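Here the structure is laid out as structure tokens; the discussion comes afterwards.
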Amino acid sequence: MPPHPPAPPMPPMPPMPPVTAPPMTPMAPIPTNPQELHQKSGNDACIKRLGQLNVEAAPKVYLKPSEPGKVGKPADIQTNIFGIEIEKETTVFRYMVHAKAELSPTKEAVFTKKGKEDFVVLDRHEKCCNIFFYAVEKNPDFFKMKDGNCIIYDGQSTLYTTVNLFSQLDAKEKKSRIFEINGAEIENQELKSLPCISLEVYSPRDNALVISSETLGKRTADQNTESNNREYTQFLELALNQHCVKQTDRIGCFEHGKVYFLRATEEGFDARDCIDVGDGKVLYPGLKKSIQFIEGPYGRGQNNPSVVIDGMKAAFHKEQNVLEKFSEIVNRDVSRGMSDNDRDKASQVIRGLDCYASYSNRTRHLRIEGIHQDCAAKARFELSDGKSCTVQQYYHEKYNIALKFPGANLLICKERGNKNFYPAELMTITKNQRVTIPQQTGQQSQKTTKECAVLPDVRQRLIVTGKKAVNITEENELLQALGIKVYPEPLMIKARELEGKEIVYEKKTSSDAGKWRPPPGCYNKPAVFPDLWAIYAVGTQHSRFSVQDLNAFCSMFMDTLQRKGITVKTPAETSLLHVDQAMSKLENIAMNKCKYVFIITDDNITHLHREFNQTRLAVYNIFREMSKATSVCKDGKRLTLENVINKTNIKLGGLNYTVSDTKRSMTDDQLIIGVGISAPPPGTKFLLEGKGHLNPQIVGFASNAVSNHEFVGDFVLASVGQDTMSSIEDVLKNSMEMYEKNRKRFPKRIIIYRSGASEGSHPSILAYEIPLARAIIHGYCKDIKMIYIVVTKEHSYRFFKDQLRGTKATEMNIPPGIVLDNSVTHPACKQFFLNSHTTLQGTAKTPLYSVLADDCNAPMDRLEELTFTLCHHLKSLHSPPRSQLRCMWPMSTPKEGAHFGLRRRKLLTTITTINDGAPIEAEGSESNRLKDLTKELSYQMTDLHMKRVNA
């Protein structure tokens, strides 16, 4: 995108009023029955534990922002933030909208009911808009259209107007109006059969909202989070989205401000933005918009509304015949049936999709459940008269349809709670359904990811084109009438670029532009290699890997270990194993005290890593694909081997490198903990106490409890559905006790980097989670100070170089070390953005750090430098990208605990399906069962608890 002139600065807003903490509220009573069937809110576990400890909840008040940092050289940065100016005061009135129709004396369709599936969301949105705007057209007097009323509707149940619709009514009268509409008069084919659609517009109490520069400044960014009114944000987001709401045939509106352009080339996008990615899927470009209140260019004490606009792409299922989609997925003609493997592959892609049929003179929508093993020519079912016939015969006799492909597999669909079978050739995939992660095959997922990870210049083009397509422009008549001005150019800001770090192996080396080349020689701390170890190659009868290949790899592996300073003996056993023998062999060698095993697996064997319970066997393992091992022993690719050795050294308790801290120590006397949460997959049905199957969230954590530069970790299992994390108690106890055991003292400070929390969870974390953490810490020593930082990449902010040059991601993206701690940060929260990593693909996503507790009153420079240092520390654990094996790169965030959580999620998933498929049942209290499982699966009671086992 060509460079722009600097954007006009956003005007200063009135200074924020002083913050007063609300009075302490009494603790919620502890439930009398500890075996409650479910928890009443997302904070119950924390509240209950606080009550047991006799600790009060804290005020929901942010820390006052510190002065911006000064370390680093200046850098000009372009954002995707567009300033908003409120040019006049406007009073708007909020109403609720309810639309429904009776389908029968016992059944009704509620169009304003919220849905989850894409088809349901878009279908109800379109019907609501058709019904509502028809009512507006036919009832202009009620909707005050002659009075210049502006209507702002969300396409569902929320309506704002600039004229009071019930101004003529007395305050005591019911403010409601019901319209009865004949569906035949509405331009929607599926509504025409409904003779009476009921649309109700009613007013809640206190429905007036004053929109002005002054009210936004006072009511949206107070340090006391309970003083902020979320409705201002809701209104602004809806006002900017009105064009999208009405254009239901051109734009799909989804959750969290996401919109996708369903006719992208007509909106000004390029054809290359809408490519086919296989499996019957195509990319659509889109935008994610969110209203944010930032400091703006005038710095601390200011509050400016803005809209953050990010361009993106997503894969959608094409509207096509189901049989055609099957053929695209398996890449062959399926009209005569599919093999079991093809059926499994296709079922993965289509399960959960909506499809429709029109052969019965009406459109019927059905949810796909899978693919039947039989075809229409063979599958039989019983008729009401007791006779039976094939599906092929039934369609011929009932609908006079001669199936063209009676040998094709039947489609299994769910209708009214029952699973029925349908000929795939008669069914069509419903349009505008996004592809979910479970619906992606491996190859197609890689292609989609590659196409969606666009470079900065492409992302800027998507933003500019999309902003115009959704009519966020100065020509927008609705925004003009409301007095809302959105600046046409994005905000330009001054950032700082921190210096690279000095990396210490046996010798020192320096990072440059966020990367460094490991010097020749030994590790900073070579591991002690076990005397008893083994190496195996696991495959099938089709694997091409010989004993000679294995011996050659083993020889190179040992030679490289020796060069890195690790003394290693000859393995006790070196052999080829069939995949069916692998698990029994691992069990056997563990019983014989073997402490290290290296396993090379055929590339097609993916389950072995998941099934290997490292905790139970207490064996350090490394899995490598056979193709990579072949490239090492036959093609001499030693860099691949060195990557394996890096992991091996860490797994065995060594340390590849440290980060020099000669100026001032970043880690002395400090316990640093990273916490990450792995939630169950979306759509999973969760456990109720004493019922169903266990499917918890996994809280992974890592800390430097062993020594300043060594991070080891573990995990705990916790109940799902909690905004706050009561398991922070287990995390802290584990880390504190390990620190005291290894250091013979307690730390002076504890710094916690916590992920998995949105901005909406901050008040609950301030009130419940942080007091619980502080109570646990002070139970060990009251002099310990705590810093609590929430880190997230789940936001829409993007930062670009002022001038884009080059063609590669590494050349076009902002470099590592870019830090922003004013202008774009929240006016009432101590925050900073830090881009610590080199972006190798797409556009940089810079993590946001929100400091919610700081007993040390640490300056921003100190926190930013510590965070940047930690990101360099943690890279010693993880593999560099395949194309960059010669160099090392810092991590994007210092929350290594997330990797422990993800690893144990895979293991837990495997354990719940072994033993002939019998899942883990919850017996008695869920919390007690989770504690038992944590002991069984975690590293705490094993030889691994002080090793970096997730390498």
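The values are calculated or read from the model by the stated rules, or taken from the named source; none is laboratory data. Source: prediction; values computed, not measured. Cβ sites come from the backbone with ideal geometry, for glycine too, and all protein chains shown count toward neighbours.
Data overview
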{"read-out": "Residue in region 565-574 that is touching a helix residue (DSSP H, G or I) at 6+ places or on another chain (Cβ under 7 Å), in contact (Cβ under 8 Å) with a residue 24 or more places away in the chain and assigned to a helix (DSSP H, G or I) present", "value": "no"}
{"read-out": "Leading residue by the ranking (farthest from Lys450 (Cα to Cα)) among those in region 282-317 that are hydroxyl-bearing (Ser, Thr, Tyr) and surrounded by fewer than 23 Cβ atoms within 10 Å (Cβ to Cβ)", "value": "Tyr298"}
{"read-out": "Test: residue in region 106-117 that is of a type outside the set (D, E, K, R), modelled with pLDDT under 90 and over 34 Å from the mean Cα position of the chain (by Cα)", "value": "yes"}
{"read-out": "Among (1) surrounded by fewer than 17 Cβ atoms within 10 Å (Cβ to Cβ); (2) under 30 Å from Pro285 (Cα atoms); (3) hydrophobic (A, V, I, L, M, F, W, C) - the single one Ile429 does not satisfy", "value": "(1)"}
{"read-out": "Qualifying residues in region 536-574 (those that are of a type in the set (Val, Ile, Thr) and out of contact with any Leu (no Cβ under 7 Å at 6 or more places or on another chain)) - the one nearest to Ala590 (Cα to Cα)", "value": "Thr570"}
{"read-out": "Selected residue (only one of Arg205, Arg230 is surrounded by fewer than 19 Cβ atoms within 10 Å (Cβ to Cβ), under 15 Å from Phe293 (Cβ atoms), without any contact (Cβ under 8 Å) to a residue 60 or more places away in the chain and of a type in the set (Lys, Arg))", "value": "Arg230"}
{"read-out": "Single residue of region 115-147 satisfying the filter (out of contact with any Gly (no Cβ under 9 Å at 6 or more places or on another chain) and of a type in the set (Lys, Arg)) that is surrounded by the most Cβ atoms within 10 Å (Cβ to Cβ)", "value": "Lys127"}
{"read-out": "Top-ranked residue of region 162-181 - restricted to ones that are touching a Lys or Arg at 6+ places or on another chain (Cβ under 7 Å) and in contact (Cβ under 8 Å) with a residue 40 or more places away in the chain, ranked as nearest to Pro204 (Cα to Cα)", "value": "Leu165"}
{"read-out": "Any strands (runs of 3 or more DSSP E) falling wholly within region 706-817 and containing at least 2 residues that are in contact (Cβ under 8 Å) with a residue 12 or more places away in the chain and touching a Lys or Arg at 6+ places or on another chain (Cβ under 6 Å)", "value": "710-718, 749-754, 785-792"}
{"read-out": "Condition met for Gly565 (small (Gly, Ala, Ser), closer than 21 Å to Asn643 by Cβ and modelled with pLDDT under 85)", "value": "no"}
{"read-out": "Total residues in region 468-507, condition of a type in the set (Gly, Ala, Ser), out of contact with any Pro (no Cβ under 9 Å at 6 or more places or on another chain) and in a loop (DSSP other than H, G, I, E, B)", "value": "1"}
{"read-out": "Sole residue being within 26 Å of the chain's Cα centre (by Cα), surrounded by fewer than 24 Cβ atoms within 10 Å (Cβ to Cβ) and not aromatic (Phe, Trp, Tyr), chosen from Val824, Val819, Val851", "value": "Val851"}
{"read-out": "Phe261 being buried (at least 18 other Cβ atoms within 10 Å of the Cβ), within 27 Å of the chain's Cα centre (by Cα), outside the structural domain of Lys127 (by TED's automatic domain parsing) and touching a residue at least 60 places away in the same chain (Cβ under 8 Å)", "value": "no"}
{"read-out": "Filter result (part of a helix (DSSP H, G or I) and among the hydroxyl-bearing types (Ser, Thr, Tyr)) within region 416-467", "value": "Ser445, Thr448, Thr449, Thr465"}
{"read-out": "Selection from region 61-78 of residues that are in a strand (DSSP E or B) and either free of Cβ contacts under 8 Å to residues at least 12 places away in the same chain or farther than 20 Å from Met812 by Cα (or both)", "value": "Val61"}
{"read-out": "Region 325-339, subset in contact (Cβ under 8 Å) with a residue 24 or more places away in the chain and farther than 20 Å from Gln440 by Cβ, residue surrounded by the fewest Cβ atoms within 10 Å (Cβ to Cβ)", "value": "Arg336"}
